[in-house]
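In what follows, a single structure is set out as C-alpha coordinates and then discussed.
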Amino acid sequence: MTSLRSVADRLISKPTQTSDAVSIYHALLNRPQDVAFPVIREFLNAQLTLAQQHTDAVALPDDPSNWTAWIEGNARQVASAYRDYLESRHDGHGREFFINKAHALYFLQHVAPTKLVDGAWLYGAVNHAGDWRYHPLIRTYLEELGDGDPAMNHVVLYRKLLADHDCAPREVLDQAYYVQGAIQLALGHAGHAYLPEVLGYNLGYEQLPLHLLITAFELNELGIDPYYFTLHVTIDNASTGHAYKAVQAVLDLLPTDDSREEFIARMRTGYLLNELGKGTQAVISSFDLEQEVVAMLERKCAFGQHMHSDYCRLDGMTVNEWLSEPGRCRAFLAALENKGWIKRHQDPADSRFWQLCNGPGAAMFGVFSGYEMQLLWDWIAGSWRAEHLLKKTSPFRAQFRRRAPCVERPSTASGCFSIEHLTPLLSPSMHSTPDGLDATRVFSRQLAEGSSIR
(Lines give C-alpha, C1' and ligand atoms only; values in the text may rest on other atoms or scores of the structure.)
Protein backbone atom coordinates (compact mmCIF):
# COMPACT_ATOMS: atom_id res chain seq x y z
CA MET A 1 0.00 0.00 0.00
CA THR A 2 1.33 3.44 -0.90
CA SER A 3 1.53 5.92 1.96
CA LEU A 4 -0.50 9.06 1.26
CA ARG A 5 2.01 11.04 3.29
CA SER A 6 4.85 9.78 1.10
CA VAL A 7 2.92 10.96 -1.94
CA ALA A 8 2.84 14.50 -0.53
CA ASP A 9 6.50 14.32 0.45
CA ARG A 10 7.40 13.31 -3.11
CA LEU A 11 6.15 16.60 -4.55
CA ILE A 12 7.71 18.76 -1.84
CA SER A 13 11.11 17.11 -2.24
CA LYS A 14 10.91 17.11 -6.06
CA PRO A 15 8.83 20.14 -7.06
CA THR A 16 9.40 19.57 -10.79
CA GLN A 17 6.88 16.69 -10.81
CA THR A 18 3.96 18.99 -11.44
CA SER A 19 2.29 16.63 -13.91
CA ASP A 20 1.66 14.25 -11.03
CA ALA A 21 -1.88 15.14 -9.93
CA VAL A 22 -1.71 12.69 -7.03
CA SER A 23 1.36 14.38 -5.58
CA ILE A 24 0.15 17.94 -5.90
CA TYR A 25 -3.27 16.95 -4.56
CA HIS A 26 -1.89 15.47 -1.35
CA ALA A 27 0.76 18.16 -0.93
CA LEU A 28 -1.77 21.00 -1.19
CA LEU A 29 -4.25 19.18 1.02
CA ASN A 30 -1.80 18.14 3.74
CA ARG A 31 1.05 20.68 3.67
CA PRO A 32 0.10 23.61 1.41
CA GLN A 33 2.55 25.93 3.16
CA ASP A 34 5.42 23.82 1.81
CA VAL A 35 4.36 24.00 -1.85
CA ALA A 36 5.98 26.91 -3.65
CA PHE A 37 3.82 29.10 -5.89
CA PRO A 38 5.88 28.28 -9.03
CA VAL A 39 4.96 24.62 -8.56
CA ILE A 40 1.25 25.47 -8.43
CA ARG A 41 1.58 27.82 -11.40
CA GLU A 42 3.34 25.21 -13.52
CA PHE A 43 0.67 22.62 -12.70
CA LEU A 44 -2.20 24.98 -13.49
CA ASN A 45 -0.66 26.20 -16.72
CA ALA A 46 -0.22 22.60 -17.85
CA GLN A 47 -3.88 21.86 -17.06
CA LEU A 48 -5.04 25.00 -18.85
CA THR A 49 -3.12 23.93 -21.94
CA LEU A 50 -4.87 20.56 -21.82
CA ALA A 51 -8.24 22.24 -21.29
CA GLN A 52 -7.85 24.28 -24.48
CA GLN A 53 -7.80 21.04 -26.46
CA HIS A 54 -11.43 20.33 -25.51
CA THR A 55 -12.85 22.15 -28.49
CA ASP A 56 -15.90 19.87 -28.54
CA ALA A 57 -17.11 21.00 -25.11
CA VAL A 58 -20.22 23.16 -24.76
CA ALA A 59 -18.96 26.74 -25.01
CA LEU A 60 -20.04 29.78 -23.09
CA PRO A 61 -22.22 32.23 -25.05
CA ASP A 62 -20.27 35.10 -26.59
CA ASP A 63 -22.01 37.86 -24.63
CA PRO A 64 -21.62 37.63 -20.82
CA SER A 65 -24.93 39.42 -20.39
CA ASN A 66 -26.60 36.30 -21.82
CA TRP A 67 -24.99 33.92 -19.34
CA THR A 68 -27.79 34.09 -16.78
CA ALA A 69 -30.40 33.14 -19.38
CA TRP A 70 -28.09 30.43 -20.70
CA ILE A 71 -27.70 28.85 -17.26
CA GLU A 72 -31.44 29.03 -16.66
CA GLY A 73 -31.99 27.32 -20.00
CA ASN A 74 -29.56 24.56 -19.03
CA ALA A 75 -31.41 24.09 -15.75
CA ARG A 76 -34.71 23.68 -17.62
CA GLN A 77 -33.16 21.08 -19.91
CA VAL A 78 -31.82 19.14 -16.92
CA ALA A 79 -35.23 19.28 -15.23
CA SER A 80 -36.88 17.98 -18.40
CA ALA A 81 -34.37 15.15 -18.77
CA TYR A 82 -34.84 14.19 -15.14
CA ARG A 83 -38.60 14.12 -15.59
CA ASP A 84 -38.06 11.68 -18.46
CA TYR A 85 -35.84 9.56 -16.22
CA LEU A 86 -38.50 9.43 -13.49
CA GLU A 87 -41.18 8.50 -16.00
CA SER A 88 -38.95 5.69 -17.22
CA ARG A 89 -38.54 4.40 -13.68
CA HIS A 90 -42.31 4.64 -13.09
CA ASP A 91 -42.74 2.50 -16.20
CA GLY A 92 -40.65 -0.21 -14.57
CA HIS A 93 -37.28 0.36 -16.19
CA GLY A 94 -34.21 -0.30 -14.06
CA ARG A 95 -31.49 1.97 -12.73
CA GLU A 96 -29.34 3.79 -15.30
CA PHE A 97 -26.25 4.32 -13.15
CA PHE A 98 -25.65 1.64 -10.52
CA ILE A 99 -26.14 -2.07 -11.11
CA ASN A 100 -25.89 -2.83 -7.39
CA LYS A 101 -24.81 -1.34 -4.06
CA ALA A 102 -21.16 -2.29 -4.55
CA HIS A 103 -21.20 -0.26 -7.77
CA ALA A 104 -22.55 2.76 -5.88
CA LEU A 105 -19.90 2.41 -3.16
CA TYR A 106 -17.23 2.11 -5.85
CA PHE A 107 -18.49 5.41 -7.23
CA LEU A 108 -18.41 7.10 -3.82
CA GLN A 109 -14.87 5.84 -3.28
CA HIS A 110 -13.52 6.93 -6.64
CA VAL A 111 -15.00 10.44 -6.64
CA ALA A 112 -13.81 10.98 -3.05
CA PRO A 113 -10.63 12.88 -4.03
CA THR A 114 -12.83 15.56 -5.59
CA LYS A 115 -15.62 15.55 -3.00
CA LEU A 116 -13.17 15.84 -0.09
CA VAL A 117 -11.99 19.25 -1.34
CA ASP A 118 -15.45 20.53 -2.26
CA GLY A 119 -15.38 24.28 -2.85
CA ALA A 120 -11.57 24.52 -2.64
CA TRP A 121 -11.24 26.55 -5.86
CA LEU A 122 -12.92 29.51 -4.11
CA TYR A 123 -10.68 29.59 -1.05
CA GLY A 124 -8.66 32.57 -2.29
CA ALA A 125 -11.79 34.76 -2.38
CA VAL A 126 -11.90 35.00 1.42
CA ASN A 127 -8.85 37.28 1.24
CA HIS A 128 -11.08 39.91 -0.41
CA ALA A 129 -13.81 40.21 2.20
CA GLY A 130 -13.55 44.00 2.05
CA ASP A 131 -14.44 44.07 -1.66
CA TRP A 132 -18.18 43.66 -2.28
CA ARG A 133 -17.55 42.28 -5.77
CA TYR A 134 -16.14 39.09 -4.25
CA HIS A 135 -19.06 38.49 -1.91
CA PRO A 136 -20.96 36.07 -4.21
CA LEU A 137 -17.81 33.91 -4.38
CA ILE A 138 -17.22 34.17 -0.63
CA ARG A 139 -20.84 33.30 0.17
CA THR A 140 -20.64 30.30 -2.13
CA TYR A 141 -17.46 29.13 -0.39
CA LEU A 142 -18.94 29.62 3.07
CA GLU A 143 -22.02 27.64 2.08
CA GLU A 144 -19.75 24.82 0.88
CA LEU A 145 -18.29 25.00 4.39
CA GLY A 146 -21.79 24.94 5.91
CA ASP A 147 -21.14 28.34 7.53
CA GLY A 148 -19.36 26.34 10.21
CA ASP A 149 -22.18 23.90 10.94
CA PRO A 150 -20.75 20.37 10.74
CA ALA A 151 -24.16 19.06 9.65
CA MET A 152 -23.91 21.22 6.51
CA ASN A 153 -20.15 21.29 5.84
CA HIS A 154 -19.76 19.39 2.59
CA VAL A 155 -16.45 17.75 3.44
CA VAL A 156 -17.72 16.65 6.86
CA LEU A 157 -20.83 15.20 5.20
CA TYR A 158 -18.81 13.28 2.64
CA ARG A 159 -16.36 11.94 5.22
CA LYS A 160 -19.32 10.68 7.22
CA LEU A 161 -20.82 9.06 4.12
CA LEU A 162 -17.57 7.20 3.46
CA ALA A 163 -17.26 6.20 7.12
CA ASP A 164 -20.87 4.97 7.32
CA HIS A 165 -20.18 2.51 4.51
CA ASP A 166 -16.50 1.87 5.25
CA CYS A 167 -15.61 2.68 1.66
CA ALA A 168 -12.96 5.42 1.89
CA PRO A 169 -10.01 4.84 -0.47
CA ARG A 170 -7.30 2.82 1.30
CA GLU A 171 -4.79 2.98 -1.51
CA VAL A 172 -3.80 5.73 -3.89
CA LEU A 173 -6.17 5.62 -6.86
CA ASP A 174 -5.17 6.15 -10.47
CA GLN A 175 -3.99 9.63 -11.46
CA ALA A 176 -7.16 10.55 -13.33
CA TYR A 177 -9.25 10.47 -10.16
CA TYR A 178 -7.17 13.26 -8.57
CA VAL A 179 -7.06 15.70 -11.46
CA GLN A 180 -10.21 17.65 -10.56
CA GLY A 181 -9.33 17.81 -6.87
CA ALA A 182 -5.78 18.95 -7.67
CA ILE A 183 -7.13 21.66 -9.99
CA GLN A 184 -9.53 22.87 -7.33
CA LEU A 185 -6.83 23.02 -4.66
CA ALA A 186 -4.40 24.75 -7.01
CA LEU A 187 -6.97 27.39 -7.99
CA GLY A 188 -7.80 27.94 -4.34
CA HIS A 189 -4.19 28.55 -3.37
CA ALA A 190 -3.32 30.60 -6.45
CA GLY A 191 -6.54 32.54 -6.90
CA HIS A 192 -4.77 35.90 -6.71
CA ALA A 193 -3.03 35.13 -10.02
CA TYR A 194 -5.84 33.17 -11.69
CA LEU A 195 -9.02 35.14 -11.00
CA PRO A 196 -10.43 34.79 -14.56
CA GLU A 197 -9.81 31.03 -14.48
CA VAL A 198 -11.43 30.73 -11.05
CA LEU A 199 -14.51 32.59 -12.29
CA GLY A 200 -14.76 30.45 -15.42
CA TYR A 201 -14.27 27.19 -13.53
CA ASN A 202 -16.85 28.24 -10.95
CA LEU A 203 -19.32 29.10 -13.68
CA GLY A 204 -19.07 25.58 -15.07
CA TYR A 205 -18.85 23.62 -11.83
CA GLU A 206 -21.82 25.24 -10.10
CA GLN A 207 -24.35 24.40 -12.79
CA LEU A 208 -26.81 21.66 -11.91
CA PRO A 209 -25.97 18.47 -13.84
CA LEU A 210 -28.42 15.69 -14.62
CA HIS A 211 -26.09 13.08 -13.14
CA LEU A 212 -26.41 14.67 -9.70
CA LEU A 213 -30.18 14.13 -9.66
CA ILE A 214 -29.97 10.54 -10.90
CA THR A 215 -27.16 9.74 -8.47
CA ALA A 216 -29.19 10.95 -5.50
CA PHE A 217 -32.26 8.97 -6.61
CA GLU A 218 -30.38 5.71 -7.11
CA LEU A 219 -28.30 6.02 -3.94
CA ASN A 220 -31.50 6.29 -1.92
CA GLU A 221 -32.88 3.27 -3.75
CA LEU A 222 -29.79 1.27 -2.75
CA GLY A 223 -29.97 2.24 0.91
CA ILE A 224 -27.29 4.95 0.85
CA ASP A 225 -28.12 8.36 2.32
CA PRO A 226 -28.13 10.77 -0.66
CA TYR A 227 -28.15 13.99 1.38
CA TYR A 228 -24.69 15.13 0.29
CA PHE A 229 -25.98 15.04 -3.31
CA THR A 230 -29.48 16.40 -2.70
CA LEU A 231 -27.94 19.32 -0.83
CA HIS A 232 -26.11 20.26 -4.00
CA VAL A 233 -29.31 20.03 -5.99
CA THR A 234 -30.84 22.78 -3.86
CA ILE A 235 -27.89 25.13 -3.37
CA ASP A 236 -26.69 25.01 -6.99
CA ASN A 237 -29.97 26.31 -8.39
CA ALA A 238 -29.99 28.91 -11.14
CA SER A 239 -32.52 31.15 -9.43
CA THR A 240 -30.82 32.19 -6.20
CA GLY A 241 -28.18 29.53 -5.63
CA HIS A 242 -24.56 29.00 -6.55
CA ALA A 243 -25.19 28.98 -10.30
CA TYR A 244 -26.81 32.41 -10.02
CA LYS A 245 -24.01 33.70 -7.76
CA ALA A 246 -21.42 32.44 -10.26
CA VAL A 247 -22.81 34.68 -13.00
CA GLN A 248 -23.25 37.58 -10.58
CA ALA A 249 -19.59 37.37 -9.57
CA VAL A 250 -18.47 37.36 -13.20
CA LEU A 251 -20.50 40.43 -14.08
CA ASP A 252 -19.25 42.27 -11.00
CA LEU A 253 -15.57 41.45 -11.58
CA LEU A 254 -15.33 41.82 -15.36
CA PRO A 255 -12.90 44.62 -16.29
CA THR A 256 -14.26 47.56 -18.23
CA ASP A 257 -10.94 48.56 -19.82
CA ASP A 258 -8.90 47.09 -22.66
CA SER A 259 -8.09 43.97 -20.62
CA ARG A 260 -11.70 42.79 -20.77
CA GLU A 261 -11.29 40.65 -23.91
CA GLU A 262 -8.25 38.81 -22.54
CA PHE A 263 -10.00 38.37 -19.17
CA ILE A 264 -12.99 36.69 -20.86
CA ALA A 265 -10.70 34.47 -22.96
CA ARG A 266 -8.98 33.27 -19.78
CA MET A 267 -12.37 32.68 -18.20
CA ARG A 268 -13.37 30.45 -21.10
CA THR A 269 -10.27 28.34 -20.61
CA GLY A 270 -10.96 28.14 -16.87
CA TYR A 271 -14.47 26.97 -17.71
CA LEU A 272 -12.97 24.13 -19.77
CA LEU A 273 -10.95 22.89 -16.79
CA ASN A 274 -14.17 21.11 -15.82
CA GLU A 275 -13.57 18.72 -18.74
CA LEU A 276 -10.34 17.28 -17.33
CA GLY A 277 -9.86 14.15 -15.24
CA LYS A 278 -12.34 11.36 -14.71
CA GLY A 279 -15.92 12.62 -14.72
CA THR A 280 -18.99 11.08 -13.11
CA GLN A 281 -20.09 9.09 -16.15
CA ALA A 282 -16.59 7.76 -16.75
CA VAL A 283 -16.28 6.63 -13.13
CA ILE A 284 -19.64 4.85 -13.29
CA SER A 285 -18.87 3.09 -16.56
CA SER A 286 -15.43 1.93 -15.36
CA PHE A 287 -16.92 -0.48 -12.79
CA ASP A 288 -16.70 -4.22 -13.44
CA LEU A 289 -17.94 -6.24 -10.46
CA GLU A 290 -15.92 -9.42 -11.00
CA GLN A 291 -12.79 -7.47 -11.87
CA GLU A 292 -13.14 -5.46 -8.66
CA VAL A 293 -13.58 -8.64 -6.61
CA VAL A 294 -10.50 -10.20 -8.21
CA ALA A 295 -8.41 -7.02 -7.79
CA MET A 296 -9.47 -6.77 -4.14
CA LEU A 297 -8.42 -10.37 -3.46
CA GLU A 298 -5.12 -9.83 -5.25
CA ARG A 299 -4.38 -6.93 -2.90
CA LYS A 300 -5.12 -9.20 0.05
CA CYS A 301 -2.70 -11.91 -1.07
CA ALA A 302 0.37 -10.33 0.50
CA PHE A 303 -1.35 -10.36 3.88
CA GLY A 304 -3.11 -13.72 3.64
CA GLN A 305 -0.68 -16.05 1.89
CA HIS A 306 0.79 -17.39 5.15
CA MET A 307 -2.28 -17.09 7.38
CA HIS A 308 -4.20 -20.24 6.45
CA SER A 309 -3.81 -23.85 7.53
CA ASP A 310 -2.97 -26.56 5.03
CA TYR A 311 -5.98 -28.65 6.05
CA CYS A 312 -8.14 -27.75 3.07
CA ARG A 313 -7.14 -28.20 -0.58
CA LEU A 314 -8.87 -26.78 -3.63
CA ASP A 315 -7.97 -28.32 -6.98
CA GLY A 316 -4.89 -29.85 -5.38
CA MET A 317 -3.52 -26.66 -3.78
CA THR A 318 -3.76 -25.26 -0.26
CA VAL A 319 -5.18 -21.77 0.26
CA ASN A 320 -1.69 -20.50 1.08
CA GLU A 321 -0.45 -21.88 -2.24
CA TRP A 322 -3.31 -20.25 -4.11
CA LEU A 323 -2.40 -16.89 -2.55
CA SER A 324 1.38 -17.25 -2.87
CA GLU A 325 1.64 -15.91 -6.42
CA PRO A 326 -0.14 -12.92 -7.98
CA GLY A 327 -2.63 -13.52 -10.76
CA ARG A 328 -4.29 -16.62 -9.32
CA CYS A 329 -7.31 -15.08 -7.61
CA ARG A 330 -9.73 -15.43 -10.53
CA ALA A 331 -8.91 -19.15 -10.73
CA PHE A 332 -9.12 -19.35 -6.93
CA LEU A 333 -12.68 -18.01 -7.03
CA ALA A 334 -13.55 -20.59 -9.68
CA ALA A 335 -12.09 -23.31 -7.47
CA LEU A 336 -14.18 -22.12 -4.50
CA GLU A 337 -17.26 -22.20 -6.71
CA ASN A 338 -16.46 -25.67 -8.07
CA LYS A 339 -15.95 -26.93 -4.51
CA GLY A 340 -19.38 -25.57 -3.53
CA TRP A 341 -17.97 -23.02 -1.08
CA ILE A 342 -19.48 -20.25 -3.20
CA LYS A 343 -22.99 -20.66 -4.62
CA ARG A 344 -23.46 -17.95 -7.23
CA HIS A 345 -26.86 -16.34 -7.84
CA GLN A 346 -28.19 -17.46 -4.47
CA ASP A 347 -28.52 -15.85 -1.08
CA PRO A 348 -24.87 -15.35 0.04
CA ALA A 349 -25.84 -16.72 3.45
CA ASP A 350 -26.00 -20.14 1.74
CA SER A 351 -22.30 -19.95 0.76
CA ARG A 352 -19.73 -21.35 3.15
CA PHE A 353 -17.17 -18.75 2.04
CA TRP A 354 -19.55 -15.94 3.02
CA GLN A 355 -20.21 -17.60 6.36
CA LEU A 356 -16.47 -17.57 7.03
CA CYS A 357 -16.36 -13.79 6.42
CA ASN A 358 -19.59 -12.50 7.89
CA GLY A 359 -20.43 -12.02 11.55
CA PRO A 360 -18.42 -11.62 14.76
CA GLY A 361 -17.93 -15.37 15.16
CA ALA A 362 -16.71 -15.90 11.61
CA ALA A 363 -13.17 -17.21 11.10
CA MET A 364 -12.31 -14.28 8.79
CA PHE A 365 -14.29 -11.59 10.61
CA GLY A 366 -12.72 -8.18 10.00
CA VAL A 367 -10.55 -9.30 7.09
CA PHE A 368 -12.64 -7.32 4.59
CA SER A 369 -13.77 -3.70 4.77
CA GLY A 370 -17.41 -2.75 4.43
CA TYR A 371 -16.91 -1.97 0.74
CA GLU A 372 -15.06 -5.24 0.16
CA MET A 373 -17.81 -7.19 1.90
CA GLN A 374 -20.36 -5.52 -0.36
CA LEU A 375 -18.32 -6.50 -3.41
CA LEU A 376 -18.33 -10.14 -2.30
CA TRP A 377 -22.02 -10.08 -1.39
CA ASP A 378 -23.12 -8.60 -4.71
CA TRP A 379 -20.84 -10.88 -6.73
CA ILE A 380 -22.12 -14.01 -5.00
CA ALA A 381 -25.76 -12.87 -5.04
CA GLY A 382 -25.72 -11.99 -8.75
CA SER A 383 -29.17 -12.31 -10.30
CA TRP A 384 -30.68 -13.44 -6.99
CA ARG A 385 -30.10 -9.97 -5.59
CA ALA A 386 -31.98 -8.29 -8.39
CA GLU A 387 -34.99 -10.56 -7.98
CA HIS A 388 -34.84 -10.25 -4.20
CA LEU A 389 -34.83 -6.45 -4.28
CA LEU A 390 -37.64 -6.20 -6.78
CA LYS A 391 -39.89 -7.96 -4.31
CA LYS A 392 -39.19 -5.70 -1.35
CA THR A 393 -38.24 -2.18 -2.42
CA SER A 394 -39.73 0.78 -4.22
CA PRO A 395 -37.28 3.19 -5.84
CA PHE A 396 -39.61 6.11 -5.09
CA ARG A 397 -39.77 5.55 -1.36
CA ALA A 398 -37.54 7.93 0.59
CA GLN A 399 -35.47 5.75 2.89
CA PHE A 400 -33.80 8.57 4.81
CA ARG A 401 -35.11 11.42 6.90
CA ARG A 402 -32.80 14.20 7.88
CA ARG A 403 -31.70 14.12 11.47
CA ALA A 404 -31.83 17.29 13.51
CA PRO A 405 -28.80 19.41 12.61
CA CYS A 406 -25.78 19.15 14.84
CA VAL A 407 -26.01 21.64 17.68
CA GLU A 408 -23.74 24.52 16.88
CA ARG A 409 -20.87 24.62 19.30
CA PRO A 410 -20.78 28.12 20.78
CA SER A 411 -17.57 29.86 19.86
CA THR A 412 -15.65 31.29 22.76
CA ALA A 413 -14.29 33.99 20.49
CA SER A 414 -15.54 37.54 20.86
CA GLY A 415 -14.82 40.70 18.96
CA CYS A 416 -13.48 40.94 15.42
CA PHE A 417 -10.68 38.81 14.08
CA SER A 418 -8.17 39.71 11.41
CA ILE A 419 -8.09 38.09 8.02
CA GLU A 420 -4.63 36.75 8.85
CA HIS A 421 -6.05 34.91 11.85
CA LEU A 422 -9.15 33.44 10.21
CA THR A 423 -8.25 32.55 6.63
CA PRO A 424 -5.70 29.79 7.35
CA LEU A 425 -8.42 28.01 9.35
CA LEU A 426 -10.85 28.33 6.41
CA SER A 427 -8.42 26.55 4.07
CA PRO A 428 -9.37 23.26 2.35
CA SER A 429 -7.12 21.36 4.73
CA MET A 430 -8.53 22.94 7.90
CA HIS A 431 -12.14 24.07 7.53
CA SER A 432 -13.68 20.69 8.44
CA THR A 433 -11.75 20.46 11.72
CA PRO A 434 -13.25 21.77 14.98
CA ASP A 435 -11.03 24.87 14.85
CA GLY A 436 -11.88 25.41 11.20
CA LEU A 437 -15.61 25.14 11.88
CA ASP A 438 -15.28 27.68 14.69
CA ALA A 439 -13.37 30.04 12.42
CA THR A 440 -15.96 29.64 9.65
CA ARG A 441 -18.76 30.60 12.03
CA VAL A 442 -16.85 33.69 13.16
CA PHE A 443 -16.01 34.68 9.58
CA SER A 444 -19.60 34.17 8.41
CA ARG A 445 -20.94 36.21 11.32
CA GLN A 446 -18.56 39.08 10.75
CA LEU A 447 -19.28 39.12 7.02
CA ALA A 448 -23.04 39.16 7.62
CA GLU A 449 -22.78 41.89 10.22
CA GLY A 450 -20.47 43.98 8.11
CA SER A 451 -17.86 43.76 10.83
CA SER A 452 -14.32 44.55 9.95
CA ILE A 453 -12.30 41.52 8.88
CA ARG A 454 -9.02 43.33 8.82
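Looking for whichever is within 23 Å of P424 (Cβ to Cβ) and not in a helix (DSSP H, G or I) here; the options are G191, G181. Which one fits? Step through it out loud before you land on a result.
Details: G181 fails: not in a helix (DSSP H, G or I).
Result of the check over G191, G181: G191.
Can you tell me which residues in the range 53-80 are surrounded by 12 or more Cβ atoms within 10 Å (Cβ to Cβ), in a loop (DSSP other than H, G, I, E, B) and modelled with pLDDT of 90 or more?
The answer is H54, and nothing else.
Does E408 fit the bill of being at pLDDT below 90, of a type outside the set (S, T, Y), closer than 30 Å to Q355 by Cα and outside the structural domain of E143 (by TED's automatic domain parsing)?
Values: at pLDDT below 90: yes; of a type outside the set (S, T, Y): yes; closer than 30 Å to Q355 by Cα: no; outside the structural domain of E143 (by TED's automatic domain parsing): yes.
Answer is no for this residue.
Any chance you could count how many residues in the range 206-242 are among the aromatic types (F, W, Y) and in contact with a His (Cβ under 9 Å, 6 or more places away or on another chain)?
1
Take L199 and tell me if it is in a helix (DSSP H, G or I) and over 17 Å from the mean Cα position of the chain (by Cα). Reasoning before the result, please.
Numbers: in a helix (DSSP H, G or I): yes; over 17 Å from the mean Cα position of the chain (by Cα): yes.
Taking the combined requirement at face value, the residue satisfies it.
Which residue pairs have Cβ atoms closer than 7 Å, lie 6 or more positions apart in sequence or on different chains, and pair a first residue in the range 49-65 that is aromatic (F, W, Y) with a second residue that is modelled with pLDDT under 90?
none
Do any helices (runs of 4 or more DSSP H) entirely within the range 319-372 hold 3 or more residues that are farther than 26 Å from I224 by Cβ, and if so, which?
Numbers: elements: 319-323, 329-338, 352-357.
Correct list: 319-323, 329-338.
Select, from E298, E292, the only residue that is of a type in the set (D, E) and at pLDDT 95 or above. Explain how you work it out, then say what you get.
Working: E298 fails: at pLDDT 95 or above.
The match here is E292.
So, H308, is that one in a loop (DSSP other than H, G, I, E, B), touching a helix residue (DSSP H, G or I) at 6+ places or on another chain (Cβ under 9 Å) and modelled with pLDDT of 90 or more or not?
Details: in a loop (DSSP other than H, G, I, E, B): yes; touching a helix residue (DSSP H, G or I) at 6+ places or on another chain (Cβ under 9 Å): yes; modelled with pLDDT of 90 or more: no.
Against the criterion (in a loop (DSSP other than H, G, I, E, B), touching a helix residue (DSSP H, G or I) at 6+ places or on another chain (Cβ under 9 Å) and modelled with pLDDT of 90 or more), H308 does not qualify.
Please pick out the residue among T234, T215, T230 that is surrounded by 22 or more Cβ atoms within 10 Å (Cβ to Cβ) and more than 30 Å from E42 (Cα to Cα).
Working: T234 fails: surrounded by 22 or more Cβ atoms within 10 Å (Cβ to Cβ); T230 fails: surrounded by 22 or more Cβ atoms within 10 Å (Cβ to Cβ).
Result: T215 is the single residue among T234, T215, T230 that is surrounded by 22 or more Cβ atoms within 10 Å (Cβ to Cβ) and more than 30 Å from E42 (Cα to Cα).
Inspect the range 132-142 for any residue being buried (at least 21 other Cβ atoms within 10 Å of the Cβ), part of a helix (DSSP H, G or I) and within 17 Å of the chain's Cα centre (by Cα) and give the result as yes or no.
If we filter the range 132-142 for residues that are buried (at least 21 other Cβ atoms within 10 Å of the Cβ), which is where we start, we get 134, 136-138, 140-142.
Now restrict to residues that are part of a helix (DSSP H, G or I): 134, 136-138, 140-142.
Those left that are additionally within 17 Å of the chain's Cα centre (by Cα): 141.
So far as the range 132-142 goes, yes, one or more of its residues are buried (at least 21 other Cβ atoms within 10 Å of the Cβ), part of a helix (DSSP H, G or I) and within 17 Å of the chain's Cα centre (by Cα).
Please work out which residue is surrounded by the most Cβ atoms within 10 Å (Cβ to Cβ), limiting yourself to the range 246-304 and to residues that are farther than 23 Å from Q52 by Cα and hydroxyl-bearing (S, T, Y).
S286
Being among the acidic types (D, E) and surrounded by fewer than 12 Cβ atoms within 10 Å (Cβ to Cβ) is the filter here; which residues of the range 39-52 pass it?
From the range 39-52, those among the acidic types (D, E) are 42; that's our starting set.
Result: no residue meets the conditions.
Six or more apart or on different chains, Cβ under 8 Å: which pairs go from a residue in the range 179-201 that's in the same structural domain as T140 (by TED's automatic domain parsing) and within 16 Å of T423 (Cβ to Cβ) to one that's surrounded by fewer than 24 Cβ atoms within 10 Å (Cβ to Cβ) and among the hydroxyl-bearing types (S, T, Y)? Could you list them?
G188/S427
Assuming A168 fulfils every condition listed in (1) free of Cβ contacts under 8 Å to residues at least 40 places away in the same chain; (2) of a type in the set (G, A, S); (3) not in a helix (DSSP H, G or I) apart from one, which condition is it?
Unmet condition: (1).
The values are calculated or read from the model by the stated rules, or taken from the named source; none is laboratory data. For clarity, every value in this text was computed on a predicted model and none was experimentally measured. FYI the Cβ positions are ideal-geometry reconstructions off the backbone, even for glycines, and counts take in every protein chain you see.
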